[in-house]
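Nothing in this text is a laboratory measurement; each read-out follows from the coordinates by a stated rule. In this text the structure is predicted, and so the values were computed from the model without any measurement. All Cβ positions, glycine included, derive from the backbone under ideal geometry; neighbour counts span all protein chains shown.
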Amino acid sequence: MASSDRNLILMVCTGNVCRSPMAERLLAHALDAEEGPVGQLKVASAGVAAPYGDPASENSVAALAKVGVDLSGHKSRPLTQELIDRSLVIFGMTRAHLNLLRRQFDHLPERVHLLREFVDDGSSLEIPDPFGQNYDAYQVCLDSMIEAIPSVVRYLRETSGK
């Protein structure tokens, strides 16, 4: 598939019930306000160890609801070559996710990054897994993602169409 046929931004985490669905909905919300090629991009999420059909964690749903973003209908799905083949860019939450991608899949898009890779404030580039923790851990995770979204949108503006 030619890179010009790819229109998907893929968010990847482990189980696809916490981080990647939150990042998916946050970025989709941000891209809804964009015009031109960036506004036409689709956002999806998947997990490197996810089953099909699990709901998003309750704390993920609650954290996003506080910022006016609905995650209630989310169903988990595993990462597949088909999703990768449709992806213009893949964003992982940790280096371990990116390493797994590179080991398990032969044909990745040219652009594979950490979600926080373009945040230039010296803070951690990784987003730790809040799964099984209290609501505060999910809020910290969400805040880390919200901080990253403007830099991701800027990156997508600069690279769309290239």
Based on the Cβ-Cβ distance from Ala62 to Arg95, what FRET efficiency comes out when R0 is 25 Å, to the nearest 0.05?
0.35
For Glu82 and Asp5 in the same chain, what is the full-extension length gain: residue separation times 0.36 nm, less their Cα-Cα distance, in nm?
26.4 nm
5 angstrom amide H check on Leu108, placed H, neighbours 5+ away
none
For the stretch 3-157: rounded, prolate or oblate by the Cα gyration tensor [a/c cutoff 1.5]:
rounded
Before anything else, pin down the relative contact order of the chain: Cα pairs under 8 Å, at least 6 apart, normalised by residue count, whole percent.
27
Calculate the length of the line joining the C-alpha centroid of the stretch 11-31 to that of the stretch 85-121, in whole Å.
13
Which value in deg cm²/dmol, rounded to the nearest 500, describes the helix-derived mean residue ellipticity at 222 nm for the chain, given -39,500 (n - 2.57) per DSSP H run of n ≥ 4 and division by the residue count?
-12500 deg cm²/dmol
Taking 0.36 nm per residue of sequence separation and subtracting the Cα-Cα distance, how much length would be gained by fully extending the chain between Val69 and Ala49, in nm to one decimal?
4.7 nm
Those GluC sites (Glu not before Pro) in the stretch 57-153 that DSSP places in a loop and that have at most 12 other beta carbons within 10 Å
Glu110
